[in-house]
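Take a look at the structure set out below.
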Amino acid sequence: MNAIEFIDFNTFYGSKPVLQNINLGFDSNSITAIIGPSGCGKTTLLRSINRTAEMERGYKSQGEIQVFGESIMEVKSLSYLRRQVGMVYQTPVALPLSIRENVLFGPRYYGVKNRSELDTITEYCLRQVALWDEVKDRLKRPASQLSGGQKQRLAIARALAVEPRVLLLDEPCSSLDPASTALIEELLTRLAKDLCIIIVTHNLFQARRISNETAFILDGRLIEKAPTAILFSSPQSSETQGFVSGLFG
Amino acid sequence: MKRTLMDRLQMACFWVSGLFILLVLLSIIGYLIWRGGPFINSEFIMSSPSGFPLGTEGGIFPAIKGTLWLILLALIMSIIPGLLTAIYLSEYGRQGQLPVIINLLVQSMAGVPSIITGLFVYALGVVTLGWGISLLAGGLALAIMVFPVIVISSRDALLAVDDNYRLVANSLGVSRSYTLFRVILPRAAAGILAGWLLALGYAAGATAPIMVTAAAIIASSSGALLEPVMALPYHLYILFNEHISMNHAYATALVLLGLLLFINVLALSLQSLQERINSH
Ligand SMILES: Nc1ncnc2c1ncn2[C@@H]1O[C@H](COP(=O)(O)OP(=O)(O)OP(=O)(O)O)[C@@H](O)[C@H]1O
Ligand SMILES: [Mg+2]
């Protein structure tokens, strides 16, 4: 069973169609990259999965998305869905809390009270994102003092803290330096052992470096999805060929 | 060349009008200090009005107390509904028609002349519910008057909180109220408090709504809800209008102005604190 399955999925902002007739599956324990020109609907696609797209005015959807076989419109609660599907956004966001409380934001809501358990979660998640050594002496300090790259890793730690099975990342490295980018790529590769990871990226080299499969979207339509090496070396469609060779985008 | 000249001219205009406003304010304060200052002493602040006609001697203690009671009561009665409305508008009612209607209602409430609010509370509380001229009625009239101020200032403070926090928190599956209490409210607290203070100042200076609902020429202002109270602006009005004592009128005005300036400076510093928080 695929971790995520799009079935005849369409979205609209007002009457304007954005995603059209998407049929697409994502494996668990693998990284899938989504590429496509600006405005083609990549963010909308990710935010449809955790249903945060519904926060936008005028958003409507048709068709179905299944997460581990369950339709996202029929899950028992939004909370249940979003706990399974973590998401990290383009802008690194540190909640206006301490570093520690950023990590514990979800777990505290889900009822973890025990002090040592909270400590364990904090350390485990920060280690997972290779941030522990950098921040272990200032866990109580405001997270706003971290650098952009650190904030982005903190955002991943915060998402991991509620033990999701899927991790969505929307251009997570677009505002980061090469060193932070390398750290995050390494970490994603490691996380993919247990998670279904979907990453939107404008960086084709990044897609090539870290993803097992790549999907190419153009004007809201899925053009092609294939194992990354194949998509880049011998794409089926001429549009993909044009995009990956840098003709447009 | 021409452009810099225009720019300079504009700057000069801003400076001149700024200076002009400052000058007006300073001359009001200066004048009040000159006319009223010499009569302010501990006795004036701490004793009740006396003499004949009443107010020619003694002080304004019950009026200070009464004003403080009135604005405190007004704040207590308006912050809960005001804050709840603001939270609805900023956190829950981003879509649909209801928030549009509520915003419109609040805006219209802000436009109701305060004497009309006073007359409404007179008809409802003082007469129909039998409260009589009382602290309770005055507090209610002021609460209705400041309600829109509180809604608008709290709403704007909440809306100024970065939407990314809401997005990130929502994505973790936590409830809106959890996010509200842990992130949004603390983040907007300074701005919300500043709004409360501005409302306090607005209520402290208002005369019309309490004239018909709460104020008496002489009262002990003990804080009993169903007793009339004295209030600074009303006392000032009586002293002045009945030519009882110009000296005491100016001294009372100075005390009232001092109170208002104090409250507003506090509000402004909270506002600038909030701005620093927001830009962080
Ligand atoms: N809140 C919104 N309201 C109306 N239209 C929107 C909204 N968000 C996105 N759109 C439109 O939907 C389309 C897809 O947007 P989306 O953000 O998904 O693109 P994207 O592929 O993520 O682009 P980018 O690479 O620039 O991030 C765009 O045409 C955009 O203008
Ligand atoms: Mg995007």
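The values are calculated or read from the model by the stated rules, or taken from the named source; none is laboratory data. Values in this document were obtained by computation on a predicted structure and should not be read as measured data. No Cβ is skipped: glycine too gets one built from the backbone with ideal geometry, and neighbour counts run over all protein chains shown.
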- Item | Test: A:D137 is more than 16 Å from ligand 1 (Cβ to nearest atom), surrounded by fewer than 21 Cβ atoms within 10 Å (Cβ to Cβ) and either in a helix (DSSP H, G or I) or more than 15 Å from the chain's Cα centre (by Cα) (or both) | yes
- Task: Output the number of the condition that B:Q97 fails; it satisfies all remaining conditions of (1) away from chain A (no Cβ under 12 Å); (2) crowded, with 22+ Cβ neighbours inside 10 Å.
- Result: (2)
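Condition check ((1) in a helix (DSSP H, G or I); (2) more than 11 Å from chain B (Cβ to nearest Cβ); (3) within 16 Å of ligand 1 (Cβ to nearest atom)) across all residues:
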| residue | (1), (2), (3) |
| --- | --- |
| A:T43 | yes, yes, yes |
| A:S48 | yes, yes, yes |
| A:I65 | no, yes, yes |
| A:T120 | yes, yes, no |
- Message: Suppose the filter is under 27 Å from A:V244 (Cβ atoms) and either modelled with pLDDT under 95 or not hydroxyl-bearing (S, T, Y) (or both); does A:N50 pass it?
- Response: no
- Answer residue from segment A:163-188, given it is over 17 Å from A:H202 (Cα atoms) and within 14 Å of chain B (Cβ to nearest Cβ) and is farthest from ligand 1 (Cβ to nearest atom) among those: A:E163
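Quick one: which residue in A:I99, A:I72 is more than 16 Å from ligand 1 (Cβ to nearest atom) and modelled with pLDDT of 95 or more?
Selected residue: A:I99, the only one of A:I99, A:I72 that is more than 16 Å from ligand 1 (Cβ to nearest atom) and modelled with pLDDT of 95 or more.
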- Message: What's the number of the only condition in (1) closer than 19 Å to B:L89 by Cβ; (2) without any contact (Cβ under 8 Å) to a residue 24 or more places away in the chain; (3) within 14 Å of chain A (Cβ to nearest Cβ) that B:G173 fails to meet?
- Response: (1)
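Within segment A:184-197, identify whether any single residue is hydroxyl-bearing (S, T, Y) and surrounded by fewer than 19 Cβ atoms within 10 Å (Cβ to Cβ), and answer yes or no.
Pass one, segment A:184-197, residues hydroxyl-bearing (S, T, Y): A:189.
Next, only the ones that are surrounded by fewer than 19 Cβ atoms within 10 Å (Cβ to Cβ) stay: A:189.
Yes, because at least one residue in segment A:184-197 is hydroxyl-bearing (S, T, Y) and surrounded by fewer than 19 Cβ atoms within 10 Å (Cβ to Cβ).
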- Residue selected from segment A:158-182 under the condition more than 13 Å from ligand 2 (Cβ to nearest atom) and among the charged types (D, E, K, R), by the criterion surrounded by the fewest Cβ atoms within 10 Å (Cβ to Cβ): A:D177
- Query: Counting residues that are of a type in the set (S, T, Y), which helices (runs of 4 or more DSSP H) fully inside segment B:192-280 reach at least 1?
  - Reply: B:232-241, B:246-278
- Task: Report yes if B:G130 is surrounded by fewer than 13 Cβ atoms within 10 Å (Cβ to Cβ), within 14 Å of chain A (Cβ to nearest Cβ) and at positive phi, otherwise no.
- Result: no
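Taking segment A:76-92 only, how many residues are under 14 Å from the mean Cα position of the chain (by Cα) and either under 13 Å from B:N164 (Cβ atoms) or free of Cβ contacts under 8 Å to residues at least 12 places away in the same chain (or both)?
6
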- Name the residues in segment B:100-115 that are in contact with a helix residue (DSSP H, G or I) (Cβ under 9 Å, 6 or more places away or on another chain) and loosely packed, with under 12 Cβ neighbours inside 10 Å, would you? B:S108, B:G111, B:P113
- Message: I'd like to check something: does segment A:25-41 contain any residue that is near ligand 1 (Cβ under 8 Å from one of its atoms), part of a loop (DSSP other than H, G, I, E, B), without any contact (Cβ under 8 Å) to a residue 60 or more places away in the chain and not basic (K, R)?
- Response: yes
- Condition check for B:A204: in contact with a strand residue (DSSP E or B) (Cβ under 9 Å, 6 or more places away or on another chain), at pLDDT below 95, more than 8 Å from chain A (Cβ to nearest Cβ) and crowded, with 20+ Cβ neighbours inside 10 Å: no
- Task: Just need a number here: residues in segment A:82-118 that are at the interface with another protein chain (Cβ under 7 Å from one of its Cβ atoms) and assigned to a helix (DSSP H, G or I).
- Result: 5
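Can you name the residue in segment A:3-24 that is touching a residue at least 40 places away in the same chain (Cβ under 8 Å) and in a loop (DSSP other than H, G, I, E, B) and is also farthest from ligand 1 (Cβ to nearest atom) among such residues?
A:A3
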